[in-house]
Amino acid sequence: MGVLALLTSIITITLRAGTSLIYGTIGETYTERSGVLNLGVEGMMLSGAVAAFATAYYSDSVWLGLLAAAAMGVLLASIHAFLTVSMRARQVVSGLSITLFGTGLASFLGERLGPESNNYNLVGMVGPKFSPIEIPLLSDIPILGAFFKQDILTYFLFILVPAAWYYLYKTRNGLNLRAVGENPQTADAMGIDVIRTRYIYTILGGALVGLGGAHLSLAYAPGWTENITGGRGWIVIALVIFAMWNPARAVLGAMLFGGINAVQFRLQAGGTTIPSAYLNMLPYVMTILVLVAMTWWETLSHLVGAPAALGQPYMREEK
Amino acid sequence: MPVLRMRGIIKRFPGVLANDRVDLDLFAGEVLALLGENGAGKSTLMNVLIGLYRPDAGEIRVQGRPVEIHSPRDASGLGIGMVHQNFKLVSTMTVAQNVILGLQELPFVPNMAEVAARISELSDRYNMEVDPQAYIWQLSVGEQQRVEILKLIYRGAGILILDEPTAVLTPQEAEELGQVLKVMQSEGKSMIFITHKMGEVMAFSNRVCVLRQGQLVAAKRTVETNPRELARLMVGRDVLFRLDKEPMTPGTVVLELRDVHAVNDKGLPALRGLSLTVRQGEILGIAGVAGNGQRELAEVITGLREINEGSVLINSRDLTNCSPLAVINSGVSHIPADRIGVGIVGDMQVADNIAMKGYRKSPMAKHGLLNRQRIIDFARAMIDVFQIATPTPQTYVKFLSGGNIQKTILAREIDACASLLVAVYPSRGLDVGATEAVRQRLIEQRDAGRAVLLISEDLEELISVADRITVLYEGRSMGFFPATEAEVETLGLMMAGAQNEALATVGREASDAVGPDALARPS
Amino acid sequence: MNLILRKRESVSRRAAILVPLISFAVSLLFGALLLAVSGANPFVTYAAMLQGAVGSAYGLSEVLVKTIPLILTGLAVSLAFRMRFWNIGAEGQLTMGAVAAAGMALFWSQGLPDWTILPLSILAGCVAGALWAGIPAVLKATLKVDETLTTLMMNYVAILYSEHLYYIAWRAEGYNSGTERITEVAWLARFAGRAHTGLFFGLILAVALWAVFRYTRWGFELKIIGSNPTAARYLGISIARNIVVTLLISGAISGLAGAVEVLGLSHRLQQGISVGYGYTAIIIAWMAQLNPLGVVFVAFLMASLLVGGDQIQMKMRLPASVGVVLQGMLLIPMLAGSLFREFALELRRPGEEVAQAKPVEVA
């Protein structure tokens, strides 16, 4: 393969692999921006994936499948929101419960929602999916063409990512949201409903994470297999930090995390001696470094804006 | 006609009548000072006005119309806004963003250029230099305060309440604030500022209302009164109850502070060259309104706060900037101001809490193992001696009443005290019985030869319990007096920062202000 | 009419007992619903799970097999949580413990007398786990870096590293994955089916930790730090030092869990050394309310759910994931319910104010 073609194919694959990550990251970014840490992403993504595939399989509609995935994400996120915001449970514990529950639920549904002919199992079934749509002319451009050989969910990201960025940084709602995550006492004093805000964005985040799962079972690896996410939910959590809670930077991070996977095969073929494991580890180590840097350099953390109130329950009557 | 009229405001909290039929008038374009000690009811009254509290009785009229204020939003709608002592600002956002935060009439995509322009226009008009694009964390405290004021003006406030506005400002900034107030006046805004500082009252206000123990004791035009009169009104001229104390001859110096400088949590100077001594067998009382360095003083002595300059000596050993453990091991005990947040561990037993000083040594522990029986026995003994009302020694301490929590802390600290006891607002919020008990204990410790540093806002307590008194104002001591000679009026003036007037009342000049160690009698 | 929460005047004993029981019932109910909706008979299924888990010697031994790592990681996590240090890195600490134990047994103990290999491997596992937890601990104690995220990230690094080892670097000839079998002298004895003596480590440690919290100075200080760190400072207790020491121990215990899995169960380093035990441990620790003896009981319960699930998969061809779903469900009602121990629900007319304490001082 010529170098240009190689690069183009790498980018194409990276984008495909990264799409579910980006959906999830934007969702979790919004959740965390409101001050809620949701560690249940892996469970939500898996449940979203199975819901999407099962629905699409029986209704023969990918769009209904998408809806189901979002609904599943909303459901699980609502539980988390209720427990952490209203019941003031520990966010870490609640999130991990959701992961455990969501993972189990996904396995269960995967083994019971299938057709009788396959022993009720969904594994191995073939259903409708989103296929890549090549945009004529644009998709022939070397390298950049990769962006135009994607499926519709990825194309939607071209709108979603800038919109998410714009909403957060340029609108009144985004301003209020950021205030809630930074300083809920101040936001409350300025008349913003902290509880409502946290509920809304946690649930919204859940919907997006569910959609991320849908991309896996309806486009990237069509069908259903146990562990279809391969740990992507956990990567999302790292990505949010890595992107420093900025939806636009999420794309870069997703490309990085997703791309390393795609690239390593090529590297092996090229005969390098760096074990792929170390490459795979790199993003996580970098995330730790980002965390240290952010906490250590006050200036940096001011500029970067880790939501200062992330992880704390909010109680107004603290006298 | 006044722009604001409050009549007969009554506000009760469990155990205390915070506002007792208070009346207040505010006229257009005037600056009204609300003067009083802590607990006088100034903040409560303003919180009623701003909608954070609902009064139990009384009426509020704005521009002659009776109104009901149920929330800060309501107040804002009426053009009433407050600049709190703790600024409500998001430090990672810009000035402009903070100003428009939560504003209802904002379009979905705010035109930030317009907002910035309007802020600039307002800041020019009111003589408040502020850069709309600056981030809050980049601004000085004085600049942040301006942002808070701008927030109110931007939302059309006509009545502005400022809570202890100069508490966080440098003298320079305080002056600038005064200029800003004048401009706001000329623009027709009316202002109320809460304060305990005489200088501000005389310099900035047109009229002053004095509150004492929940009641309005005076409302005067500033030009028609003077600091002495105001101080007297502020602290009252009650007959003082002096406890029977045995006269003691103080022994060697236990605690010595030499020219100590320290900053508070916000990085502002809290102690500015404070010197004092406390000897065995004496109680040194530190008077002053909270916020003048009291907390920092206690923390500096107990090793919880860094000293930038100067030194702390305990039993003649230099313990400047040593760990809290080193200080504890020198026999220092501390009764903290925040008894529930810091003085006890609520989710642990009373017995455990009482043991939290002595648990490192025998008989409570040996070779790292706790002897639970000894701990319980000790706790029972303490419960008895200190009359702590608790169902059992194993009850979680958070369920005790305030007075009993304080007794638990006292039991622990007094038992562990070998040389110095630092007590910060020890009887705050306690009923009469508990207060008596606390004061008795302090005197007991002194009689037993310990040194006691008593930081209190209650002048009566200080005069009756302490042997010597000083007033802490803006991080400095205003001179030391034997308690027997301390006049309430004098102390009141000092607490308000009017040192010259205060000294004049006892026939002294500033130049012969007594030094840290003196038991001087007037010549 | 508003529904508000009012702080109680004393801990409700009733709630403390009722809440876990009701939570368990709620989860069973939900599980039954799920089963019914998907066409299986809940009663039959539950009975089969019970039978499969504890109804036979074989089942019981399998439950013990799973209980061992769950007790150890549950203890490790509860120790850290006592100090409000949110160590969610038990998974990675366990993995590194397994790696170190395998490494010691396979490669690094050449030339040493046979009887030393087992103890050294165990030790290696503990040290590796300790170090793995120590890094985030030091970062928190010195630089105040949030531990939730650092410990989580360390998990991936550990998992990826271990994958590299058993897929590539340490892979034994002829296998697709996994190392050589560890020499028999380094095996932990089994006493019932596949259940091995690692269990006793768990039980002994549980009692030891219980004793530490109740009877030692150190345990006392930990309780204070976890409850009220500011008060701890005022009392002269060193928080930074305690964070590091406690986390080293917590990591060591998780590392031990990994070591005994390798030395007692699989006898090699391979795929599946941990199936999320580190995360389940967090649920266990929380459900047991951080009580070491409670951890033992809850770990057994969780293991039973897992084995019960496996059994019904084999016998009834129902999804094993029923066990996992129940496990995940268990904590959710508990989290909702635990609030009621401290707060009571009350109806209040709008405008009526809560009786407030004396207002906070102005200054």
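No lab work stands behind these numbers, since they all come straight from the coordinates. Just so it is clear, the model here is predicted, and its values are computed rather than measured. Here the Cβ is made from the backbone with ideal geometry for all residues, glycine too, and neighbour counts use every protein chain on show.
Look at the alpha carbon pairs under 8 Å that are at least 6 residues apart: their mean separation over the length of chain C gives a relative contact order of 35 percent. When both bridge partners sit in the protein assembly as shown, DSSP labels roughly 60% of those beta bridges antiparallel.
I'd like the orientation of helix A:62-81 relative to chain A: the angle between its Cα long axis and the longest Cα principal axis, in ° from 0 to 90, rounded to 10. With rounding to tens, the tilt is 30 degrees. Per the Debye calculation on chain C with a single equal scatterer at every Cα and no solvent contribution, log₁₀ I(q)/I(0) for q = 0.10 Å⁻¹ amounts to -0.70. Protection proxy ranking for C:184-194, A:283-293, using the average of other Cβ atoms within 10 Å per residue and placing the highest first: A:283-293, C:184-194. Span-like helices, chain B: DSSP H, alpha-carbon axial extent 18 Å or more, mean Kyte-Doolittle -1.0 or greater, which ones? Counting only whole DSSP H runs, the qualifying helices are B:112-125, B:141-154, B:171-186, B:372-386, B:402-416, B:432-447. If you take the alpha carbon atoms of region B:347-416 and fit the smallest convex hull around them, that volume is 73 Å³ per residue.
For helix C:239-260, what angle does its Cα long axis make with the longest principal axis of chain C, in degrees from 0 to 90 and rounded to 10? Roughly 40 degrees between the two axes.
Taken over chain B, the percentage of Cα pairs per 10 Å bin, counting from 0 up to the bin with the maximum distance, is 4, 17, 25, 25, 18, 9, 2, 0. Helical content of the protein assembly as shown, expressed as a calculated mean residue ellipticity at 222 nm, amounts to -17000 deg cm²/dmol (DSSP H runs of 4 or more residues, -39,500 (n - 2.57) each, divided by residue number, nearest 500). The mean sequence separation of alpha-carbon pairs under 8 Å and at least six residues apart, normalised by the residue count of region A:198-266, gives a relative contact order of 15 percent. Note on region C:248-263 and region C:11-65: Cα centroid distance 29 Å, given to the nearest whole angstrom. Modelled label positions at A:Leu282 and A:Ala308, each set 7 Å beyond Cα in the direction of Cβ, lie 3.6 nm from each other. Length, then width, then depth: along the principal axes, the Cα atoms of the protein assembly as shown run 103, 74, 56 Å. Between C:Glu173 and A:Leu64, the distance separating the two model label sites (each 7 Å from Cα on the Cα→Cβ line) works out to 5.8 nm.
Across chain B, the mean sequence separation of Cα contacts (distance under 8 Å, 6 or more residues apart), normalised by length, yields a relative contact order of 15 percent. If you take the Cα centroid of region B:191-270 and the Cα centroid of region B:394-448, the two points sit 25 Å apart.
By the Stokes-Einstein formula, at 1.306 mPa s and 10 °C, chain A with its Kirkwood radius over alpha-carbon pairs has D equal to 79 µm²/s. Averaging the Cα positions of each part gives two centres, and for region C:134-184 and region B:1-19 these lie 65 Å apart.
Report the Stokes-Einstein translational diffusion coefficient (µm² s⁻¹, integer) for region C:22-167, Rh taken as the Kirkwood radius over Cα pairs, at 37 °C with viscosity 0.692 mPa s. For these conditions, the coefficient is 179 µm²/s. Size of region C:148-207 from its Cα atoms: along the principal axes, largest to smallest, the extents are 40, 34, 18 Å. Within chain B, which is the longest segment that contains none of the trypsin sites (Lys or Arg not before Pro) sitting in a DSSP loop with at most 14 other Cβ atoms within 10 Å? The reported range is B:1-236.
Sorting A:Thr295, B:Thr302 by the number of Cβ atoms found within 10 Å of their own Cβ, with the fewest placed first, yields A:Thr295, B:Thr302.
Placing +1 on the Cβ of every Lys and Arg and -1 on the Cβ of every Asp and Glu, with no other charges, gives region B:62-144 a dipole of roughly 220 debye about its Cα centre.
Annotation: average projected area of region C:250-328 is 5.9 square nanometres, based on the convex hull of Cα atoms across all directions.
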